[in-house]
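Participant: Take a look at the following structure, please.
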């Protein structure tokens, strides 16, 4: 790589480019020195303005989401709510919840990283910015699915811990949710013990209404606890005689879920293994042919039709990956 850089600088075109860059840098330094123009302060202000602008945008989206959810404009069946909860679950599984990052912030960071990756791919591989349009969504979806796949181990452990905690609380629910959580704190799985301890603090120390505290607990545990939290809210607000019996159904359903999740994980591992083997064989063959035959490499990387074919191939592989990830993401 070093030899290629020196060879380029040794050519007329390379020397001209280097001279132009040197002249621009020298002119900028002279302007700063003789006019006292605070160029670095300007750059710093631009960065701060960008951070402030994106922060305002993210906060506005978070506020709008919570408002629409509260007034019923955004329902659980809407794609917006499903995406928000999926990103929230992903943040939890990746261990980022304690950083205070929100789903909209996380999505913005992912998009920025994927945009940078796409620009690098377009500049180095294709030499065309037109390919940014088809490859940006492909890379973005691939990164999200990759992050979810990476979080699978933590995801499974968290889901099983939540189900176990639900069963423990349901067996002690007659005195109320708060009392059931407090009396069961020592036996609640350690993976989710902090979330339930925060629930107690929100009610006793911060004077949260029980419904608000349960909704906050739901946000911390993720979408897998939706049905359980709904039943807890109904139980606390309606206080009808015999309503505690509905928690027996929660325990029975959870036991069925655990059995089905075990079978689902086994089948998923088989499908994932088949996909990895198939994708690896396709990629090895494709890049092997490209490496051996220069004409084929030129066709794929330097012509519009070849670029489109590569984009379609990447889309097909990514679609398979997305479908497998979608199946894996379904909660029973």
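Bear in mind that the values in this text are calculations on the coordinates, not laboratory data. Quantities reported herein were computed from a predicted structural model and do not represent experimental measurements. Cβ sites come from the backbone with ideal geometry, for glycine too, and all protein chains shown count toward neighbours.
Participant: Nearest 0.05, what FRET efficiency do residue 256 and residue 76 give at R0 = 25 Å with Cβ-Cβ as r?
Facilitator: Between residue 256 and residue 76 the formula returns 0.70.
Participant: At q = 0.16, 0.18, 0.22, 0.23 Å⁻¹, work out log10 I(q)/I(0) for segment 240-322 with the Debye formula, treating every Cα as an identical point scatterer and leaving solvent out; two decimals please.
Facilitator: Log-scaled intensity ratios, in q order: -0.77, -0.87, -1.04, -1.08.
Participant: Quick one: go through segment 103-140 and flag any residue whose amide nitrogen is under 17 Å from the point 7 Å out along the Cα-to-Cβ line of residue 315.
Facilitator: Only 130-140 pass the distance filter.
Participant: Sticking with this structure for a sec: Given the C-alpha centroids of segment 281-298 and segment 52-109, what is the distance between them in whole angstrom?
Facilitator: Value for the Cα centre distance between the two parts: 42 Å.
Participant: Between residue 171 and residue 129, take the C-beta separation as r, use R0 = 51 Å, and let me know the FRET efficiency to the nearest 0.05.
Facilitator: Once the sixth-power term is evaluated, E becomes 0.25.
Participant: Would you mind calculating the relative contact order of segment 192-270 from Cα pairs under 8 angstrom and at least 6 residues apart, reporting the percent as a whole number?
Facilitator: Averaging sequence separation for qualifying contacts and normalising by length gives 21 percent for segment 192-270.
Participant: If packing is taken as the mean number of other Cβ atoms within 10 Å per residue, what is the order of 195-201, 290-296, 79-85, 157-163, highest first?
Facilitator: Values: 195-201: 17.6, 290-296: 10.9, 79-85: 14.4, 157-163: 19.7.
With the highest mean Cβ count within 10 Å placed first, the list reads 157-163, 195-201, 79-85, 290-296.
Participant: Using 0.36 nm times the number of residues separating residue 219 and residue 248, minus their current alpha carbon distance, what extension gain do you get?
Facilitator: Working it through step by step, the gained length comes to 8.1 nm.
Participant: Something else about it: Given axes a ≥ b ≥ c from the Cα gyration tensor, I'd like to know whether segment 79-146 is rounded (a/c under 1.5), prolate (a/b larger than b/c) or oblate.
Facilitator: It comes out prolate by the Cα gyration axes.
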